[in-house]
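The block underneath contains the structure these notes are about, expressed in structure tokens.
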Amino acid sequence: MTEEKENHNVPIYSNIAYDDAFRTMEGNCDDVLISFVNYVFDEKYNNTAVVTRMRNEHFIEHENHSQEKRITDSHFSITQGDVCKKYHLECESKPYDGSILVRLFEYGSQIAIEEAEETNYVLRVKMPHTGLLLLRESKKAPEKATIIIETPGQSSTYYVPIIKETDFTVEMIFEKQLYMLIPFYIFNYEKELDVINQDENRIESMLELYRDINARLLKEQENGRLSASSISVIIGVTHSVFSKLTSKQTVLNEKVGDYMGGKVLDPPWVIAYNRGKEAGIEQGKEEVIADMLRRGKTVLEIVEFSGYPEDVVKSVEESMRAAKI
């Protein structure tokens with residue numbers, strides 16, 4: 001049993017930063033993910049699109065036949081109508097260099113192999129649509145990278161669009177609905193953090209910036225572009241990323257971090273769990289499990305978070321499936 005499971009008062013997102021923040025939004029916020037994919041890949045998905053998360057653990061086999069486990073930041077498909085496309089996104093906190101393309105190709109190839117279509121005479125592999133988010137400023141990074149695969153007699157080329165966090169202002173983020181970038185916005189100030197930390201006026205300006213971001217998020221909810229659950233996740237991981245990156249700037253970390261920490265909201269399924277826990281009744285337990293299942297939580301996630309027995313969670317899942325809820 002983990003420490004977080006034993007103590008439900010520990011904030012769920014307290015240890016999340018950078019890559020994990022990206023995975024958390026990707027794994028819990030369909031509206032955030034779809035709007036990001038629309039921008040990166042010039043898609044036109046709307047609120048009828050269905051996101052399906054795929055396995056993120058893959059094994060790369062080396063020449064000596066040993067295997068190395070790799071974990072992608074995100075691997076999912078989006079289906080709308082009769083069209084289904086697979087995507088692979090990576091979030092990179094290190095300065096850009098070309099070597100990351102090797103990793104992107106390795107991940108993409110492994111995904112393609114695992115989902116290959118095979119007959120007696122034909123092996124068909126399909127590379128996922130791949131994109132890269134760079135958190136730190138990088139003048140070397142192009143707008144899109146090129147991967148060329150040479151095969152006997154011909155070659156094939158595909159492109160990897162690159163999104164640079166530092167290219168976007170708060171105004172642009174909300175205009176283009178790039179909510180995925182919000183938690184990492186502090187990277188725009190990374191080189192100035194020590195100076196800001198010693199200037200009360202700049203600290204106040206930073207505080208006002210995050211007040212503005214929070215107000216804009218609530219406006220997006222009012223306009224129906226973001227769910228309350230997604231806003232909760234965004235605020236939670238924004239607090240975690242900010243706290244991580246400004247850990248050495250104690251004044252800035254405390255003043256702005258305390259503000260963001262005070263805005264952290266529990267996602268609805270967490271609130272439902274806490275209410276059910278307080279009620280302490282069997283019926284409440286089943287309602288809490290059903291609510292989590294409806295929100296896309298897996299049996300394992302519910303068991304790990306709530307401590308409810310796996311057979312109880314599965315029983316509720318089976319009842320819901322039978323009733324076609």
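Readers should treat all values here as calculations from the given coordinates under stated rules, not as data from a laboratory. Note that this is a predicted model, so its numbers are computed, not measured. Positions of Cβ are generated from backbone atoms using ideal geometry, with glycine treated the same way; all protein chains shown enter the neighbour counts.
Tabulated values for the structure
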{"item": "Exposure proxy order (Cβ contacts within 10 Å, fewest to most) of 77, 155, 319", "result": "155, 319, 77"}
{"item": "Highest-first arrangement of 82-92, 229-239, where packing means the average Cβ count within 10 Å", "result": "229-239, 82-92"}
{"item": "Within-13-Å neighbourhood charge of residue 41 [Cβ basis; K, R +1; D, E -1]", "result": "+2"}
{"item": "For peptides 18-25, 188-195, 113-120, sequence by mean Cβ density within 10 Å, most packed first", "result": "18-25, 188-195, 113-120"}
{"item": "Among beta bridges that DSSP assigns inside region 3-263, antiparallel share in %, nearest 5", "result": "75 percent"}
{"item": "Ranked list, fewest to most other Cβ atoms within 10 Å of each Cβ, for 164, 314", "result": "314, 164"}
{"item": "Label-point separation in nm, residue 255 to residue 84, each point 7 Å along Cα→Cβ", "result": "5.3 nm"}
{"item": "Contact order normalised by residue count of region 101-221, Cα under 8 Å, 6+ apart, percent", "result": "18 percent"}
{"item": "Exposure proxy ranking, count of Cβ atoms within 10 Å, fewest first, for 206, 180, 127", "result": "127, 206, 180"}
{"item": "Extension reserve of the residue 41-residue 113 stretch, reckoned as 0.36 nm per residue once the Cα distance is removed", "result": "23.7 nm"}
{"item": "Check: region 3-263 dipole with +1 on Lys, Arg Cβ and -1 on Asp, Glu Cβ, in debye", "result": "280 debye"}
{"item": "Stretch gain in nm, segment residue 159-residue 301, where the contour uses 0.36 nm per residue and the Cα spacing is subtracted", "result": "47.6 nm"}
